[in-house]
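The values are calculated or read from the model by the stated rules, or taken from the named source; none is laboratory data. The structure presented is a predicted model; accordingly, all values stated were derived computationally and were not measured. Note: ideal-geometry Cβ built from the backbone for every residue, glycine included; neighbour counts use all protein chains shown.
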Amino acid sequence: MAAGGGIRAIIAAMLANAGIALAKFVAYLVTGSASMLAESIHSAADTSNQGLLLLGGKRAQRIADDQHQFGYGRERYFWSFVVAMVLFTLGGLYSIYEGITKMRDPHELTSIGWAIGVLVVAIVLETFSFRTAIIEARKVKGERAWWQYIRTSRSPELPVVLLEDAGALFGLMFALTGVGLAAITGDEVWDAVGTLCIGALLLVIAGFLTVEMKSLLIGEAATEDHVYAIRKAVEECTDVVRVIDLKTQHIGPEELLVAGKLEFAPTLTTSQLAAAINVTETSIRQAVPLAARIYLEPDVWTADHPPTPDGPPPQGEH
């Protein structure tokens, strides 16, 4: 897992969520609040999610073998996809179900102070977890806006933790509002409304994560900055005439597959051509260290096989 930053954020979130889940469930047993039950299920799901992220990071470190010759880097994408599914089912759908049940058959809340106290403590702990994730993400997001970083990151753990923690904080606010309004008005329906809001929020986050992880599982190309850097590194090699075709794909968050058809100087002998290819591969790796696998094919450009267009200039650190 990249630089250990993701691991620190995951462990911080796991410890916070485990403690929060226990406290919320105790508060639910005391108060009977549907919002507290929904939040306890949410935090329990988040705790299991962090465990799945750690599992994915561990399994992704396995050495490539005959069956998986490009390694197991995409294990991290798979387990992040599972996290989205867990958040969707255990978090979102269950909260919606509990909210509808509570709205149809409201029950009087007791010991409101317990619920409010637990929620305030949970907000403090969740803020600590969220702050840790933000600190670690700032080290790698560069000049990108937060939304752009989450959308373009090829490393899944930090974006997942960021969205989970943000969703948890908003969910706690919904629960606190629902319980508070129920206590003030004496109408338990507000508790059910808070539960429904929590469920809707989790469904939105889970849906977004599912789409993003599906795209990574299928295989995304390198970022625009990396494509530009690769193309520039190739074109600066003296024996390369032009780039005919260039394809990239992430085979893991920190592993990039690069394949290209290049036109080399026609005067090169076979041994000189092999040396030129080696020099080009070295140049690519120096420009983009993520380029773990490089396959370059000498070819001749024709009008029926035009070169790929130039990539855009870099927009920020990726």
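The figures follow:
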| read-out | value |
| --- | --- |
| Meets criteria (touching a helix residue (DSSP H, G or I) at 6+ places or on another chain (Cβ under 7 Å) and more than 30 Å from residue 60 (Cβ to Cβ)) for residue 163 | no |
| Boolean, residue 58 is charged (D, E, K, R), under 15 Å from residue 252 (Cβ atoms) and in a helix (DSSP H, G or I) | yes |
| Some residue of the stretch 186-193 being surrounded by fewer than 17 Cβ atoms within 10 Å (Cβ to Cβ), among the small types (Gly, Ala, Ser) and either under 12 Å from the mean Cα position of the chain (by Cα) or not assigned by TED's automatic domain parsing to the domain that holds residue 44 (or both) | no |
| Criterion: within 18 Å of residue 198 (Cα to Cα), touching a residue at least 24 places away in the same chain (Cβ under 8 Å) and not aromatic (Phe, Trp, Tyr) - qualifying residue of 38, 13 | 38 |
| Complete set of residues in the stretch 12-37 that are of a type outside the set (Val, Ile, Thr) and over 30 Å from the mean Cα position of the chain (by Cα) | 27, 28, 29, 32, 33 |
| Residue within the stretch 286-298 that is assigned to a helix (DSSP H, G or I), outside the structural domain of residue 71 (by TED's automatic domain parsing) and within 29 Å of residue 62 (Cβ to Cβ) present | yes |
| So residue 271, is it polar (S, T, N, Q), within 37 Å of the chain's Cα centre (by Cα) and either farther than 30 Å from residue 157 by Cβ or surrounded by fewer than 17 Cβ atoms within 10 Å (Cβ to Cβ) (or both) | no |
| Residues of the stretch 205-238 that turn out to be within 25 Å of the chain's Cα centre (by Cα) and in contact (Cβ under 8 Å) with a residue 12 or more places away in the chain, as a count | 23 |
| Residue tally, condition in a loop (DSSP other than H, G, I, E, B) and of a type in the set (Ser, Thr, Tyr), over the stretch 231-285 | 3 |
| Which numbered condition residue 107 misses (of (1) over 21 Å from residue 180 (Cβ atoms); (2) in contact with a helix residue (DSSP H, G or I) (Cβ under 9 Å, 6 or more places away or on another chain); (3) not aliphatic (A, V, I, L, M)) | (1) |
| Qualifying residue in the stretch 190-204 (condition: among the hydrophobic types (A, V, I, L, M, F, W, C) and touching a Lys or Arg at 6+ places or on another chain (Cβ under 8 Å)) | yes |
| Any hit, the stretch 23-31, residues being buried (at least 24 other Cβ atoms within 10 Å of the Cβ) and among the hydrophobic types (A, V, I, L, M, F, W, C) | yes |
| Helices (runs of 4 or more DSSP H) fully within the stretch 69-146 counting 1 or more residues that are within 21 Å of residue 218 (Cβ to Cβ), at pLDDT below 85 and over 23 Å from the mean Cα position of the chain (by Cα) | none |
| Output for the stretch 242-253, where each listed residue is surrounded by 16 or more Cβ atoms within 10 Å (Cβ to Cβ) and more than 27 Å from the chain's Cα centre (by Cα) | 243, 244 |
| Residue in the stretch 289-313 that is nearest to residue 223 (Cα to Cα), counting only those that are at pLDDT below 95 and of a type in the set (Val, Ile, Thr) | 308 |
| The stretch 63-87: number of residues that are surrounded by fewer than 19 Cβ atoms within 10 Å (Cβ to Cβ) and either under 30 Å from residue 195 (Cα atoms) or touching an Asp or Glu at 6+ places or on another chain (Cβ under 8 Å) (or both) | 6 |
